[in-house]
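One structure below.
Here, each number is a calculation from the coordinates, and none is a lab measurement. Because the structure is predicted, anything quoted here is derived from the model rather than measured. Note that each Cβ is placed from the backbone with ideal geometry, even for glycine, and that neighbours are counted across all protein chains shown.
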Amino acid sequence: MNIVFVEPNFPANQRRFVHALAAVGANVIGVGESDEWALGDELRGAMGGYHKVGSVTNVEEMTHAVRHIQSQLWVDRLEATVEAHTMPAAQVREATGIPGTSVRTTWLCRDKPSMKEALRQAGVPTAASAAIESAAEAHDFAERVGYPLILKPRAGAGAQGTTRVDSDQELDHALGIFGGEGAASIAIEEFVEGHEGFYDTIAVDGHVAHDWVTHYYPNVLEAMRYRWISPQFVTTNRIDDAPFYGEVRELGQRVIEALGIGTSATHMEWFHGPKGLRFSEIGCRPPGVGCWDLYSASNDVDVYREWAHVITHGTTDQPMRRLYSAGIVALRPDADGQIRGYSGIEEIQARYRDWVIDGHFPPEGQPTQPVEAGYMANAWVRMRHPDYDTLRGMLDDVGQTIHVYAG
């Protein structure tokens, strides 16, 4: 099978997808923005060809490149795994007759108000939401729904740019920030109280073939606000046991059907609280922040290879074994500036050596990243354990014991 893969070189984990496709027998033709010499021998060796374009989000350039590839060989699929690349990829597919996720489905997975309206029509429980283009529309929505509310970019990924507001004054302040960033239209939503998590899948012909449920501790907005928090997300190996996870699975399958998703990875956010289980949003792509690394470690299965097997052969290769729960804890510097040192690393290594997957500790002198930059922006540790609750305690201990000094 000949598969065009969008941007094999950046970000760095894109190489994982290319190598996985090659490992299951696909002929990978890369299209990206890097010079071919910059790819390195290993990546070049995993591909049957490479075409440089000025921008992988320029649909005209991408269409021209793909048509050139099609003039030389049959193209079975065109795959993009980065959120910002999914819409251009869908448009190129439709222009060149390559099967895969449609423009309509991609739009519904990126434009949050349209997404939620389609899901409400399909009976999927979700928060009240709207697309707004003026302060008057925002205040009308606030009057109807009440505070607190969530504002976010219509096509943002994850929690990027997401803001909670609790009053008219905070709403006006947030609208001013979005306006200063040039946002002509934004999404406004009812704030859903409850615990937050995500449901990731690999779907084949509209049916879930592999899936994972992961929990945030604490919820993302709180985690990205406060330096003193060492936030975690933890994937559970209890997905086959607890009735609640059956609800999550049913919700996810309904979302996939309602949005017309065929064969693709997906990443869905959800809340569970006083109003029950509520869908939040979806990306028609693999999750970021190293989630598939955790899923691979928790199942002793290469999830990248499983995705590649589905894309190339239309079937899974190995079942998920659910041997471990696995999670990451982010370790924030005590101040902005430059990394000055660490304490507690050796103590944690001595206590949990067998259960540590890996960790990242930027060298002294490296500039720190802001708190809101995410779970892997500064130092972090990833761990696994057969018992979910034991793992949670271990991750808490890491967050309390290891200190990152900066200034």
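For segment 103-163, calculate the relative contact order in percent as a whole number, restricting contacts to Cα pairs under 8 Å that are 6 or more residues apart. Please report the intermediate quantities before stating the final value.
Details: 39 pairs, mean separation 17.2, N = 61.
RCO, segment 103-163: 28 percent.
Given H placed 1.01 Å from N in the peptide plane, which residues other than close sequence neighbours of Ser102 have an amide H under 5 Å from its amide H?
When sequence neighbours closer than 5 places are left aside, there are no close amide H contacts.
Mind listing the lone cysteines of the chain, meaning no other Cys beta-carbon sits under 4.7 Å from theirs?
Cysteines of the chain left without a disulfide-compatible partner: Cys291.
Tell me whether segment 195-406 comes out rounded, prolate or oblate; compute the Cα gyration tensor, take square roots of the eigenvalues as a ≥ b ≥ c, and use a/c under 1.5 as the rounded threshold. It would help to have the intermediate numbers written out before the result.
Numbers: a/c = 1.89, a/b = 1.70, b/c = 1.11.
Taking the square roots of the gyration eigenvalues as a ≥ b ≥ c, segment 195-406 is prolate.
Taking only Cα atoms and a 10 Å spring cutoff, compute GNM fluctuations for the chain and point out the largest among Asp200, Asp241, Asp358.
In the Gaussian network model the winner is Asp241.
Using θ = phi - 60° and the Karplus relation 6.51 cos²θ - 1.76 cosθ + 1.60, list the HN-Hα couplings for segment 367-383 in order, rounded to whole Hz, with x at every Gly or Pro.
Ordered by residue, 3J(HN,Hα) equals x, 6, 10, x, 4, 6, 6, x, 6, 10, 6, 10, 7, 7, 9, 10, 9 Hz.
Give the lysines reachable from Lys112 as a straight Cα distance under 24 Å; neighbours fewer than 8 places away on the same chain don't count.
Lys152, Lys275
Applying 1/(1 + (r/R0)^6) with R0 = 41 Å to the Cβ-Cβ distance of Glu170 and Ala12, what FRET efficiency is obtained, to the nearest 0.05?
Values: r = 38 Å, r/R0 = 0.92.
FRET efficiency, Glu170 to Ala12: 0.65.
What are the residues whose amide H is under 5 Å from the amide H of Ala265, where those residues sit 5 or more places off or on another chain and H is modelled from the backbone?
Placed amide hydrogens put Ala203 under 5 Å from Ala265.
Count the net charge of all other residues whose Cβ sits under 9 Å from the Cβ of Asn9, scoring Lys and Arg as +1 and Asp and Glu as -1.
Net charge in that neighbourhood comes out at -1.
State the extension gain, in nm to one decimal, for the chain segment bounded by Ala84 and Ser55, taking 0.36 nm per residue of separation less the distance between their alpha-carbons.
On the way: separation 29, 0.36 × 29 = 10.44 nm, distance 1.15 nm.
Difference between extended and current length: 9.3 nm.
First check a/c for the chain, with a ≥ b ≥ c the square roots of the eigenvalues of its C-alpha gyration tensor; if it is under 1.5, answer rounded, and if not, answer prolate when a/b is larger than b/c or oblate otherwise. Before the final figure, lay out each step's value.
On the way: a/c = 1.39, a/b = 1.10, b/c = 1.26.
Rounded, because the longest to shortest axis ratio a/c is under 1.5.
Can you compute the FRET efficiency between Asp336 and Asp389 using 1/(1 + (r/R0)^6), with r the Cβ-Cβ distance and R0 = 35 Å? Round to the nearest 0.05.
Values: r = 35 Å, r/R0 = 0.99.
The calculated FRET efficiency here is 0.50.
With a point put 7 Å past each Cα toward its Cβ, work out how far Glu33 is from Glu372 in nm, to one decimal.
2.3 nm
Calculate, in nm to one decimal, what His64 and Glu117 gain on full extension: separation in residues at 0.36 nm each, minus their alpha carbon distance.
Values: separation 53, 0.36 × 53 = 19.08 nm, distance 3.45 nm.
Separation in residues times 0.36 nm, less the Cα-Cα distance, equals 15.6 nm.
From Cα pairs below 8 angstrom and at least 6 apart in sequence, can you work out the relative contact order of segment 2-100, rounded to a whole percent?
Details: 160 pairs, mean separation 29.4, N = 99.
Over segment 2-100, the number comes to 30 percent.
Can you list residues from other chains, or at least 5 along the same chain, whose modelled amide H is less than 5 Å from the amide H of Val404?
Distant-sequence amide H within range of Val404: Asp334.
Determine, from the Cβ-Cβ distance of Ala128 and Glu247 and an R0 of 22 Å, the FRET efficiency 1/(1 + (r/R0)^6), rounded to the nearest 0.05. Provide the component values of the computation, followed by the final result.
Details: r = 21 Å, r/R0 = 0.95.
Working from the Cβ atoms, E equals 0.60.
Classify segment 207-259 as rounded, prolate or oblate from the Cα gyration tensor: take a ≥ b ≥ c as the square roots of its eigenvalues, call it rounded if a/c is under 1.5, otherwise prolate when a/b beats b/c and oblate if not. Let's see the in-between values first.
Details: a/c = 3.15, a/b = 1.91, b/c = 1.65.
In terms of gyration-tensor shape, prolate.
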